[in-house]
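**Student:** Below you'll find the structure I mean.
The values are calculated or read from the model by the stated rules, or taken from the named source; none is laboratory data. No experiment lies behind these values; they were computed from the predicted model shown. Backbone-built Cβ (ideal geometry, glycine too); neighbour counts: all protein chains shown. Surface areas here come from the heavy atoms of the whole protein model, side chains and all, with no ligands, DNA or RNA. Shrake-Rupley method; radii C 1.70, N 1.55, O 1.52, S 1.80 Å.
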Amino acid sequence: MENKIIKSLNRFKIHLNKKNVLTEAATGKYVITPIIAALAGANKVYAYTMDSEYGSVAHVVSQTNTLAEKLLVKDKISIITDLNDADLKEIDILTNTGFLRPINDDILKRLSSKCVIPLMWEPWEYRKEELDLESCYQHGIKVYGTNESNKNVRTMEYIGLTVLCHLLNNNVSPFNSNVLLIGCKRFVEPTLKILRQNVFNCSTITDYTNLMDGINDYDAIVILEHERSINVIGDKEAFIHKENINKHTIVIHICGNVNLKDAEFIFIPENPKPFGHMSFTADYVDSQAVIDLHAAGLKVAEGMCQANELKLKGAEYKLFMESNYPALSFEDSRFW
């Protein structure tokens with residue numbers, strides 16, 4: 001993992017000199033965020049954590065410190081379990097990550113207006129219960145998303161690689177297989193690109209107006225709906241009635257609203273995540289996906305800090321961010 005972090009830093013060239021960062025300390029592939037911030041030159045990194053289903057505080061501390069020691073940044077990172085252990089008025093960058101959510105007015109009113117919040121995802125994925133955007137606006141705190149289609153990020157293509165991996169692992173090879181992709185265009189199109197590069201015969205449904213003929217002709221169906229809560233596969237009211245799917249078909253759930261209980265066909269995973277969440281994320285195939293995404297998010301934070309120092313406003317701020325950084329703005333111009 002150390003080598004992948006260094007590669008990502010070299011690509012994004014993040015400079016957080018003299019900045020104080022508040023992020024999370026997490027387990028597994030998500031251990032990397034405070035490490036990247038420290039390696040990018042941050043003055044101080046506070047990494048907030050708590051006990052969770054993913055691991056105890058002791059486990060988080062051990063994993064974070066082990067990686068930080070290997071990369072010689074342990075002295076820059078303070079792992080905390082109480083936000084009162086950090087002077088929030090001195091925080092320049094607050095990441096919208098796991099343990100720090102929800103970021104509500106109780107936290108935001110304690111921050112300075114110089115603080116910026118990078119989203120490690122695109123603005124269309126915004127969930128109000130995780131971040132009070134109106135409160136950010138009231139307190140003058142800038143929030144920008146990360147462009148996951150940026151040439152150095154390519155999150156959606158990693159989703160395609162995840163689908164490819166599942167197909168091959170379940171003996172669905174390209175030469176004699178038909179695959180149906182169902183979902184929103186921003187997920188279906190990059191997945192289609194990856195599968196066609198690997199000579200799969202693919203069909204797509206992205207509008208749900210007319211069901212394609214021959215639903216029984218598919219060797220695999222992939223669910224990729226992250227925007228609309230329509231019941232894609234389920235009982236009689238669903239877009240596709242599960243009884244109409246051939247029992248030899250493999251259904252791969254990445255994201256989307258489905259009811260696969262008692263289905264006769266094979267489906268992966270056994271317990272699909274509910275709508276709004278993903279059964280398999282982009283880092284399923286390679287941890288580089290999450291490393292690059294979080295590095296890009298911190299690069300976005302660097303840009304917001306610079307834009308604030310330049311006293312940019314409105315459309316000028318948005319243009320600066322999207323022209324020079326892997327950033328995406330919200331549609332509402334108030335947040336530019």
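**Student:** Using a 1.4 Å probe and ignoring any ligands, DNA or RNA, find the accessible area of R154 and quote it in Å² to the nearest 10.
**Tutor:** Looks like 110 Å² after rounding.
**Student:** By its C-alpha gyration tensor, with a ≥ b ≥ c as the square roots of the eigenvalues, how is the stretch 261-336 shaped: rounded for a/c under 1.5, else prolate for a/b larger than b/c, else oblate?
**Tutor:** On the way: a/c = 4.97, a/b = 2.40, b/c = 2.07.
It is prolate, given that a/c is not under 1.5 and a/b is the larger ratio.
**Student:** So what's the gap between the Cα centers of the stretch 182-209 and the stretch 292-336, to the nearest angstrom?
**Tutor:** Cα centroid of the stretch 182-209 versus Cα centroid of the stretch 292-336: 31 Å apart.
**Student:** Which value, in Å², gives the accessible area per residue of the chain when a 1.4 Å probe is used on the protein heavy atoms?
**Tutor:** Per-residue value: 46 Å².
**Student:** With a cut-off of 8 Å between alpha carbons and a minimum separation of six or more residues, what is the relative contact order of the stretch 46-169 in percent?
**Tutor:** Working: 131 pairs, mean separation 24.6, N = 124.
The normalised contact order for the stretch 46-169 reaches 20 percent.
**Student:** With Rg/Rh (Cα atoms, Kirkwood Rh) in mind, check (1) 1.01; (2) 1.45; (3) 0.98 and report the label derived from this structure.
**Tutor:** Answer label, from the structure shown: (1).
**Student:** Work out the count of Lys pairs in the stretch 171-330 where the Cα-Cα distance is under 23 Å, with the pair 8 or more places apart or on different chains.
**Tutor:** So the count of such lysine pairs works out to 14.
**Student:** In debye to the nearest 20, how big a dipole does the stretch 285-336 give about its Cα centre with +1 on each Lys and Arg Cβ and -1 on each Asp and Glu Cβ?
**Tutor:** Working: 5 positive and 8 negative charges, 49 e Å.
Approximately 240 debye in magnitude.
**Student:** Measure off, as a whole percent, the carbon and sulfur share of the 1.4 Å-probe accessible area of the chain, all protein chains present.
**Tutor:** Working: 7110 of 15450 Å².
Using a 1.4 Å probe with all protein chains present, the chain comes out at 46 percent carbon and sulfur.
**Student:** Tell me which trypsin sites (Lys or Arg not before Pro) from the stretch 211-258 have a DSSP coil assignment and no more than 16 other beta carbons within 10 Å of their own. Could you put the intermediate results ahead of the total?
**Tutor:** Details: sites: R228, K236, K242, K247; in loops: R228, K236, K247.
The qualifying sites are R228, K236, K247.
**Student:** Working out 0.36 nm times the residue gap between R334 and N65, then minus their Cα-Cα distance, what length gain in nm do you get to one decimal? Spell out each step's value before the answer.
**Tutor:** Values: separation 269, 0.36 × 269 = 96.84 nm, distance 4.02 nm.
This chain segment gains 92.8 nm when fully extended.
**Student:** Looking at the chain only, what percent of DSSP beta bridges run antiparallel? Nearest 5 please. Kindly include the intermediate steps, with their values, before the conclusion.
**Tutor:** Details: 5 of 43 bridges.
Counting DSSP beta bridges with both partners in the chain, the antiparallel share is about 10 percent.
**Student:** Follow-up question, since we're still on this one. Which of T281, T191, T66 moves the most in a Gaussian network model of the chain with Cα springs under 10 Å?
**Tutor:** Checking each option, the largest mean-square fluctuation is seen for T66.
**Student:** For the stretch 192-293, what class follows from the C-alpha gyration tensor (a ≥ b ≥ c being the square roots of its eigenvalues): rounded when a/c is under 1.5, otherwise prolate if a/b is larger than b/c, else oblate? All intermediate terms of the calculation are to be shown ahead of the outcome.
**Tutor:** On the way: a/c = 1.67, a/b = 1.37, b/c = 1.22.
In terms of gyration-tensor shape, prolate.
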